[in-house]
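See structure below.
The values are calculated or read from the model by the stated rules, or taken from the named source; none is laboratory data. What you see is a predicted model; the values in this text were computed from it and never measured. When we count neighbours, we look across all protein chains shown, and the Cβ atoms used for this are built from the backbone with ideal geometry, even at glycine.
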Amino acid sequence: MKIGIGSDHGGFSLKGAIINHFTEISFDDMGTYDQEPCDYPDYVSIVCSKIQKGNLEYGIVICGSGIGASIAANKINGIRAALCCNEYMAEMSRRHNNANVLVLGGRVLADELSFKIVERWINSSYEKGRHQRRLDKIHEIEKSQKYSA
């Protein structure tokens, strides 16, 4: 399994810890490569673009809180990014929402908890069934780009 991974400076340390912890996974590290201040949308868009084009199936993006990276990722058609702060959320994001991007907050999660979240996310799979109807509706929203209540 190859997973795209990217972060801004706020997620740089956690990104490195994840890569080093999961030695059995091949990561495509798309930056940043140091702790100099940078902008999360730049790295999020690189990871998500590879998924959107079919070059990768999954990605992990990290910023300081995870919020900005989550917002940016979900602006890209075909991306279902889930900001997860516990193992249950990680599992449900895959089982019910078929999340193809995991979002983490580098400044709000301890490394050990992040490892558990990543492991649960990787080892969970989409259930389809009743959940597909909802994903189809999300896809229709993406296609129309019309957001109304």
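Observations
- Set N77, N98: member being in contact (Cβ under 8 Å) with a residue 40 or more places away in the chain and farther than 19 Å from K15 by Cβ: N77
- Restricting the stretch 92-109 to residues that are part of a strand (DSSP E or B) and within 10 Å of the chain's Cα centre (by Cα), the residue that is farthest from G4 (Cα to Cα) is L104.
- Looking at G16, G31, just one residue is of a type in the set (G, A, S), in contact with a Phe, Trp or Tyr (Cβ under 7 Å, 6 or more places away or on another chain) and surrounded by fewer than 23 Cβ atoms within 10 Å (Cβ to Cβ), and that residue is G31.
- Residue list for the stretch 115-149, filter: under 20 Å from E57 (Cα atoms) and among the small types (G, A, S): S124, S125
Condition check ((1) within 26 Å of Q132 (Cβ to Cβ); (2) surrounded by fewer than 24 Cβ atoms within 10 Å (Cβ to Cβ); (3) aromatic (F, W, Y)) across all residues:
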| site | (1), (2), (3) |
| --- | --- |
| P37 | no, yes, no |
| D42 | no, yes, no |
| Q52 | yes, yes, no |
| E57 | yes, yes, no |
| A73 | yes, no, no |
| N77 | yes, yes, no |
| C84 | yes, no, no |
| M92 | yes, yes, no |
| V103 | yes, no, no |
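- Some residue of the stretch 22-32 being farther than 24 Å from R133 by Cβ, polar (S, T, N, Q), in contact with a helix residue (DSSP H, G or I) (Cβ under 8 Å, 6 or more places away or on another chain) and assigned to a loop (DSSP other than H, G, I, E, B): yes
- Total residues in the stretch 110-125, condition assigned to a loop (DSSP other than H, G, I, E, B) and crowded, with 16+ Cβ neighbours inside 10 Å: 1
- Count of the stretch 59-71 residues which are out of contact with any helix residue (DSSP H, G or I) (no Cβ under 8 Å at 6 or more places or on another chain) and crowded, with 21+ Cβ neighbours inside 10 Å: 2
- Boolean, G4 is surrounded by 18 or more Cβ atoms within 10 Å (Cβ to Cβ), outside any loop (DSSP other than H, G, I, E, B) and modelled with pLDDT of 95 or more: yes
- The criterion of being over 13 Å from the mean Cα position of the chain (by Cα), touching a residue at least 60 places away in the same chain (Cβ under 8 Å) and in a loop (DSSP other than H, G, I, E, B) does not hold for N55.
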